[in-house]
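The values are calculated or read from the model by the stated rules, or taken from the named source; none is laboratory data. What you see is a predicted model; the values in this text were computed from it and never measured. Every residue, glycine among them, receives a Cβ derived from its backbone with ideal geometry; neighbour counts consider all protein chains shown.
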Amino acid sequence: MAVGIVVGAFEDEAIEPDVHRSMTLQLTHARRTLRTNLLGQLREGSSFEAGVSVYPSLDTPALLPTEEELKKILEFQVKDADAGKNTPLEIGVSPIYARQDVTASFNDLFARPFGIIGNTGSGKSYSVASLLQTAINMEEGAATWTQMESTHPVFCEKLATK
């Protein structure tokens, strides 16, 4: 099943003359259409995978996720092959699904550049500070700061002794 985010919605409308030859607005076929950006896919018995290998056909109905599917989408699950090498990092709580925690792969999040975009006062600095504090204070697979030759801080594995 493809997983996407709704980026637009519209309804088809038609203008046709009525019996008195005046123009009226009529919904001839009430058809609501959603525009989505596909993010990934859920396969039976596995966790959420980014990217889509099989695209849905045209006019495929959109379905809301079940609680179980939502958990698979929003919570990072460490694969058996990555056990001990990766850990979930708590991002926060979904603003749309208020009861659902959101976690991400520690390695995927900090292994490459990422952007946090928003209006003035929307919490960008708070979000970055919160992510870094959460990463540093993690007990299992915790990270510590170290300075490399450059001036950019880099995460390294937790040292055996603090």
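Brief remarks on what is shown
- A residue that is surrounded by 10 or more Cβ atoms within 10 Å (Cβ to Cβ), touching a Lys or Arg at 6+ places or on another chain (Cβ under 6 Å) and at pLDDT 85 or above cannot be found anywhere in the range 120-128.
- Any hit, the range 57-68, residues being at positive phi and in the same structural domain as Glu11 (by TED's automatic domain parsing): yes
- Residue count for the range 83-113, restricted to those that are touching a residue at least 12 places away in the same chain (Cβ under 8 Å) and closer than 16 Å to Glu68 by Cα: 6
- Residue list for the range 80-98, restricted to those being modelled with pLDDT of 85 or more and exposed (fewer than 10 other Cβ atoms within 10 Å of the Cβ): none
- Only one of Thr120, Thr60 that is farther than 21 Å from Val7 by Cβ and in a loop (DSSP other than H, G, I, E, B): Thr120
- Residue that is farthest from Ile91 (Cα to Cα) [pool: residues in the range 30-79 that are in contact with a Ser or Thr (Cβ under 8 Å, 6 or more places away or on another chain) and surrounded by 15 or more Cβ atoms within 10 Å (Cβ to Cβ)]: Gln41
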